[in-house]
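Working notes, structure below.
Since every read-out is calculated from the coordinates, none of them should be taken as a lab result. From a predicted model like this one, the values you see are computed outputs, not experimental measurements. Every residue, glycine as well, gets a Cβ built from its backbone with ideal geometry; the counts of neighbours run over all protein chains shown.
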Amino acid sequence: MGKILNSIMGKGEEERNVEDYMTLEVPEDMEATNTALFVKIATVGDIKDCPRIKDEIYNGNLVVMDIAQLRADKVMYERVLKDMKEVAKDVNGDIIGLGEQKYIIITPAGVKISRDKLGGM
């Protein structure tokens, strides 16, 4: 459990690839027939990556953005953050940074992010 939290919070391991994620099978009786919300994962290296992410949020999906590549370019980093904050405000959603600001979570309308931590963190 500690390795997972360290990975999410950005402690230790190097950059993740799509291959690093594991697909888990959901039993048939648990599958939703009318899914209203998807959690999308995006890696952003440039402002050009933002329009698709914005579309996902406007379509009512939650997006987890890996912005670690942007940290090298402070101007681009600030532009992307400003852009995503505006989207969250537009849809009456929420936005928060995680893992030493390596990840951002942006939610659609009706989904708010609690700033209270659970457990012994």
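Brief remarks on what is shown
- Test item: Cα-centred dipole of region 33-107, Lys/Arg +1 and Asp/Glu -1 on Cβ, debye: 60 debye
- Cross-link table 82/117; 54/112; 54/102; 40/112; 48/112, entries beyond 21 Å C-alpha to C-alpha: 82/117; 48/112
- Once backbone amide H atoms are built at 1.01 Å from N, residue 41 has 64 as its partners under 5 Å, excluding neighbours fewer than 5 places away on the same chain.
- Computed FRET value (nearest 0.05) for residue 78 with residue 23, which takes r as the C-beta separation and R₀ as 35 Å: 0.50
- Computed extension gain for residue 89 through residue 41, at 0.36 nm per residue and net of the alpha carbon distance, reaches 15.3 nm.
- One compactness figure for region 33-107 is 1.05, namely its Cα radius of gyration divided by 2.2 N^0.38 Å.
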